[in-house]
Structures are given as C-alpha cells and as structure tokens.
C-alpha cells in the first residue's frame, strides 16, 4: 500500500530575505497511509500549523515536495483546487467561518464548488449533518441561531460534505467541555469509519491524542522530534518534558509507579489501560 500523503524534505521560511525571516518547518519527511489516524503534537511555535497548511496547498513549500497519492501537488499542470477537495482542512474555531443564510447552505458550500448535481449536494449535506450529530430540523435555521457546539459541528460538516480522503483538523475540541470533547472524537471516529478516511489531528490535549490515534508525530523546533505509536511516544516521558511538552497523566503516573518497582509496563498511556493494569496487579497480589 502506498502513502496517501507524503512530505519530502519540506522546508517553509516566512519573510525570506528580510530581517523577519523565520523557518517554521525544516527538512521534514513524513508519510501517512490510507486510513491512518495520526496525532500531531508540539509546543507553540514548533511548526504544527505551518506543516498541516502544506497538506492541501494552502502554503507552498520554500523547498521540498508534498505528494497526494504519489503526485506532487505543486508540479506543473497540477490542480491545487482538486487537492483541496481531497484533503480537507478544518482550522481552529471553524465556527467563526460560517456565513450563509441557513445551516444547509453553509454545509453545501464546498460540494457546490465541486460542481456536483443538486441531488448529490443535498445527499452530502444530509449525510454530513448526520455524522456530526446535527438534527435535520436544524438545517433550515440560520447558523448564527445555533449553540456554540452546534456551530462547530456545522462548520466541520461543511468540510466533511466534500468527502475528503484526508481530513485534517487543528485543535477541533479547543474550548469544549469534557463531554463535548468526547462527542467530537466520536464524531471523527464515525467519519473515519464510514468513509475509510485518513484523519490527522492536531491537539494540545495529550489525553485526547493518547486515546484516539494510531500514531503520534511530535514536532520540535521546526522538525519531527518523534514519530511512533502512542505507547512508544508516551513512554518517553523525560524526553517529552525536556522539549516542553506535557504527557498524559496516566503515562506520568505509570512512569512514577515503574520508578517505584511496580510492574505496570511501559505501554500504559490512557486512564483505562492504567486502571486495567492496576486491577490485574491487585488481583495477582502485587499491589
């Protein structure tokens, strides 16, 4: 199986040749496989947001290449517009981008720009609304009459309605309460399952990343610092803390227990996994 998204020696420098020159991403190599759920973490200024804006051509590399299905999106004769239909990007607080008269019209904006027939646009609007949990009765309302959480769902539905093969989200649960965060992750899981899509998630919540992704990419100082399964990345507590990153509380507790000789294992990084391991140890008389 070939990568659906591939980054080759990507570098992006802002304000090149001026006193304000700053390299936000430098020499990054990265491959994402179809159907993967990838989390990207890193401290503020590490290059996360700049990196993901290259995935669908919102930014053009200073050097290096971005390939979707093996094709360089910036090659001569390429079609950046079609790339943006295949790789959908949801910015942080997307609800601020709502603008149409009704929720349905807002969700339909992307599919209409794809040149789809009216009945296909209507189907996609209904399907996307169902995935994000918006009742059909809300589709005729103004998006500005919705609650904050409903607005965010509507905005994400607008990207999902284009049915991208790769869905990229920058802090999709920012500002939500714990229940809202859980619902957001469940919503993304439904989209991934129904569309067999690739999901790339940027988040500052280590717990959220640990519990929901197959793979974690850690950005630090414009480069990839770590890349591996959550159990591999979150077992390296000291290294993550050294670059200014927090780790899931469960991973921190597991590390402290290991330091005290309690064999919880080095693959514990979620609350559920830690609870199961401690209960198993208790049943075995270890603690």
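Each value in this text was obtained by applying a stated rule to the coordinates, not by laboratory testing. Source: prediction; values computed, not measured. Every residue, glycine as well, gets a Cβ built from its backbone with ideal geometry; the counts of neighbours run over all protein chains shown.
Points worth noting:
- Spin-label model, residue 126 to residue 2: label points 7 Å out along the Cα-to-beta-carbon direction sit 3.6 nm apart.
- Histogram of C-alpha separations across the range 69-203, 10 Å bin width, %: 13, 44, 33, 9, 1
- Just so you know, the averaged projected area of the alpha carbon convex hull for the range 1-159 sits at 11.6 nm².
- For the range 248-287, relative contact order (Cα pairs under 8 Å, six or more residues apart, normalised by length) works out to 37 percent.
- The range 128-165 and the range 203-236: distance between their alpha carbon centers, rounded to Å: 29 Å
- Taking the convex hull of Cα positions in the range 248-287, its mean projected area over all directions (nm²): 2.3 nm²
- Near-label residues of the range 160-176 by backbone N, under 12 Å of a point 7 Å along Cα→Cβ of residue 193: none
- Here 187, 160 are placed in order of increasing Cβ neighbour count within 10 Å, fewest first, which gives 187, 160.
- Cβ crowding within 10 Å, taken as a proxy for footprinting-reagent exposure, orders 60, 223 from fewest neighbours to most as 60, 223.
- Amide N of the range 86-103 lying under 13 Å from the label point, which is placed 7 angstrom from the Cα of residue 145 along Cα→Cβ: 101-103
- For the options 245, 116, 89, a Gaussian network treatment of the chain with springs between C-alpha atoms closer than 10 Å singles out 116 as fluctuating the most.
- With both residues required to sit in the chain, DSSP beta bridges show an antiparallel share near 55%.
- Relative contact order, whole percent, for the chain stands at 20, derived from Cα pairs under 8 Å and 6 or more residues apart.
- Residue-span extension gain [residue 15 to residue 241] - 0.36 nm each, minus C-alpha spacing: 78.3 nm
- Sequence of 5, 10, 256 once ranked by neighbouring C-beta atoms within 10 Å, starting from the fewest: 256, 10, 5
- Segment residue 119..residue 97, full-extension length gain: 5.4 nm, with 0.36 nm per residue of separation and the alpha-carbon distance subtracted.
- With kT/(6 pi eta Rh) evaluated at 10 °C and eta = 1.306 mPa s, and Rh the Kirkwood radius from Cα pairs, the range 60-124 diffuses with a coefficient of 112 µm²/s according to Stokes-Einstein.
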